[in-house]
């Protein structure tokens, strides 16, 4: 996999990804030292949060994907949701769409929302 960094973008196999989104998805501030380790599903997640209109066409891809690290991917979805809530005032449409993408994928892959409000929250240890 060919990787290079150009400004605030990371180019992986000739596709451009936002460095900030990759930091968010991977949970790594210094993404440049981790670019070779980014699994395909994380790259696709970055692609779909950058352009949420791609989600309907990638649902089956996510559903049938062999996710290398389920826990890391689940936390990537959670980070997108939390970041979207925090930044909602910056661009409400953009961050609502990003949160929708992350919540939809979490429901599709894990059956429920870990950060949901109410008695069935996934954070409960009961």
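The values are calculated or read from the model by the stated rules, or taken from the named source; none is laboratory data. The shown structure was predicted, so the numbers you read here are calculated from the model rather than taken from an experiment. When we count neighbours, we look across all protein chains shown, and the Cβ atoms used for this are built from the backbone with ideal geometry, even at glycine.
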message: Here is a check on your reading of the model: is residue 72 under 18 Å from residue 114 (Cα atoms) and surrounded by fewer than 18 Cβ atoms within 10 Å (Cβ to Cβ)?
response: yes
statement: Those strands (runs of 3 or more DSSP E) completely within region 1-103 that have 3 or more residues that are at pLDDT below 90 and over 15 Å from the mean Cα position of the chain (by Cα) are 3-6, 9-12
